[in-house]
Structure formats: structure tokens, C-alpha cells
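Chemist: Quick one: the structure is below, questions incoming.
The values are calculated or read from the model by the stated rules, or taken from the named source; none is laboratory data. Just so you know, these numbers come straight off a predicted model, no measurement behind them. With ideal geometry, Cβ positions are generated from the backbone for all residues, glycine too; neighbour counts draw on all protein chains shown. Areas reflect the complete protein model, heavy atoms only, side chains present, ligands, DNA and RNA absent. Shrake-Rupley method; radii C 1.70, N 1.55, O 1.52, S 1.80 Å.
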Amino acid sequence: MIARAHNYKGVAGLWLAFPVQAWTHVSENYRMELIHKCSKSGLQVMLIRGLGTERDCAEREVLEAGVPLALSHRAVWAKHLFRLDPWFLLVRDASGRACAGIAIENVPTRAMPGHLILRLGKFGGSLPVEVCRVALEALTSIVKKGPRILWLQVNVLSRNGREEIARILENLGFREVIPPSSYRYTLVIDLKPSEDEILASLGKTARKRIRDTMKLSLRSVVITDLACAEKLKELQQEALRRTGGHTPSEDWRGILKMSLEHPNLSRVLGLFQGDEMTPDNMVAFGWVCNHGDHGEYRAAGSKRTETRIPFGFLLVWDMIRWAKETGAEWFDMGGVTLAEGDETALEGISEFKRHFSREVVEVGAEWVLEPAPVRAKIANVVSNSAQRMRDWVGNQH
């Protein structure tokens, strides 16, 4: 019984409450523009609007400088999954060498036509604190000058720099959103040891159930066939119904296309029962992403069966192995609840994850900057009212 669940509410939920028609804007006419320069450090922040050759070159410049890029900060993510107009910040040091690349989701909202929400996910990572500070200063300047920007949402994910980034955000006028829309705590696994050493470090139950699953007529197979998209959605929703979790519907066709084109960045694994690898024979799946310095257990789902062996153990082990093979230094189990937490419905998932690691790390936080608080409040009221109406209509059927 495994699944990934998010708690989208409040400010972070506005763009979900008013779905907009997906559109892709790919342009070669945009030009990189200098939007900020730090007089003290010499760091320069360049802004690229939209996809195209310039964005690709900037991304390549960051990677060639040896700076990790989370999958959600790469153009392939925007191309396959986030089909709105993306922005990209390229940060260079005083010598002109790239030292960061940061993607920004640019989301229009129907709550207030003509207005935008800027969202920055997985911010921080292993970036130096000074780089984070200068990038956030540049973004804050853009938001305060943009009359149509309702707010900037920053989801922090950093093992070592979370507290320093929090202080920077607070000084810039951001407020923290509690609880955050993404996870705050996660379990981590060190991927630097050998594969045998990593397996030995897992809990006794995890090792036993991995072996037990291998003895059954079950096979873990890489999935790229788009015909499996509906089955993945079905398995994820079934698992979420059992656990009480809530998550926006994943674009599984886009995820499978991305995984096929970029097998070192994204992988979907299916667990099949029987000889034929057909969607009907899939009993569980797991989706893992490569974020440069770490791999992430991104999503999963399974069906309820009579077998007493949970399907997820073999899938997670294969995800860990893949993350190590693609160069990740550590593995993120995708969030965990604490014993004193109030997400009791998700505690079963967390207990499952604890069989793989007991190292809990506080990595996440959510911060919001509202340059026009009155307009943001109006939009939030409209959004929440519309969501309540949809919930009411849904309950009538």
C-alpha cells in the first residue's frame, strides 16, 4: 500500500481551483535579459522567458559547470508536464561562469483574469546560500514591479540550507505557509556506498520482503508504453482512496513520454503478475526522478490483492538502484509524517517507508510573497468559493 499524497490548500491551491486551458508557448524571439547584479558578490541574474534555443543553451551551460539541476527545473519538465509559459533564471558569478539554473512556473488564474501566480518548486537544493539570496532578490524585484502578479510561491527543498533560506525569505517580506503544500520531512538513504552495502543498511523487514517478492511470479519492468497511462492513474487513485490522500491527477502520458526520451532523468516501474506485460496484469507501479544530486520517490500506486506481501518493497528497491546508477548521491523517500503529526491517514505509507530508512531530515518549507495583498485575498476568496461549489456539486452525484 504505497502512494504519494499532497495537502494542497489555501494560497497554494488557487491555481488548482481554477484550471486553465493548457497551452504551450515556444518562442525563439525571447532574449536573455539581465535583471539583477549584486555589487558585493558580482553575481548576475539573467531571465529567459519561454522555451527555445536560448533556454536549452542556458540549461546546458549550468550542467556543464557541474551544477545539479532538479528535473522540475529542466526544459523537458516544462515540455512534457507543465505546458504553460515557463521562466528560467540563469545565475552567473563575477567571472561569467554559470552557478545556478532556476525554473519558475508562470500560472495564469481565472480567479482574476489577466493575473499571474509565479511558483518556484524544489528551491535551494545544494546551491550556496549567497546564490539563493541573489536569485530571490531578483525574483522579488520582478514580483514587486509586475502589476499583474498576485504572488510568488517558493517551495524550499534543501537538506543543509533550509534555515538560511528561511531567514533570507523573511527579510525579503515573504511569509511562511503552514502547513506547506509539499512535504516538510523526509527519509533519506545514502547512495555513496556499494549496492550491497545499501541493501544491507535497509531494515530487516524490507530485505526479507524484497526477497519474498522476487520468489513470486512478479516482475518489475520499466514502463514506456503509453497504453499503460490509464492503468497508472487507476492504481494511483485506488491507493490514495485507501489512505485518504489527495493529489492532483498526474499527466501519465506526459510522464511516460518524458521517461522514454530521457531515461536517465525519469523512470516508471511496473510490477506485473503473470507472463504478459499488459496493463491488466499490472498490480503496482512506482515513479522515480533524478534531480542531479539525489533521486526522488515521486509517486506510486497499487491494487489491493489477497497476497500478504506488499508489492512496494521490490519497486522501491529498484528505484533506489536506478537512482544510484544515474549518479545520485542520496535518495529522497518522498516525504514522511512524524509520530506527532496530524496526517494519520498517511501514517501507513510512512511506516512502509521507514522500513527503508530511519534517518528523518527536515528539508521542506513553503513561503509566499504577496505584492498586492488585497487583490490576492479577493482571488483566494473567489477560488475557495468555487472549490466549495464544485465539492457540493460532486457530492450530489
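Chemist: Report the equivalent ellipsoid semi-axes for the range 163-271 in whole Å, largest first, defined as the square roots of five times the eigenvalues of the gyration tensor built from alpha carbon atoms.
Modeler: Square roots of five times the eigenvalues give 31, 23, 17 Å.
Chemist: Further question: Could you calculate the contour length gain from Glu261 to Glu130, that is, 0.36 nm times the residue separation minus the distance between their Cα atoms, to one decimal place in nm?
Modeler: Between Glu261 and Glu130, full extension yields an extra 43.7 nm.
Chemist: If you don't mind, another one. With the full set of protein chains in place, find how many percent of the accessible area of the range 60-137 is carbon and sulfur; take the probe as 1.4 Å.
Modeler: Carbon and sulfur together cover 53 percent of it.
Chemist: Under the Kirkwood approximation applied to all pairs of distinct alpha-carbon atoms, what is the hydrodynamic radius of the range 67-130 in Å?
Modeler: Details: mean 1/r = 0.0763 Å⁻¹.
It works out to 13.1 Å.
Chemist: What share of all Cα pairs of the range 72-213, in percent, falls into each consecutive 5 Å distance bin?
Modeler: 2, 8, 14, 17, 17, 13, 9, 7, 6, 4, 2, 0
Chemist: In the range 223-336, carbon and sulfur make up what percent of the accessible area (probe 1.4 Å)?
Modeler: The computed percentage sits at 43.
Chemist: Next up: Kindly state, to the nearest 0.05, the FRET efficiency for Thr205 paired with Leu63, given R0 = 35 Å and r defined as their beta-carbon distance.
Modeler: 0.35
Chemist: Past the 30 Å Cα-Cα mark, which pairs from Lys208/Lys257; Lys204/Lys257; Lys40/Lys144; Lys122/Lys231; Lys79/Lys204?
Modeler: The answer is Lys208/Lys257; Lys204/Lys257; Lys79/Lys204.
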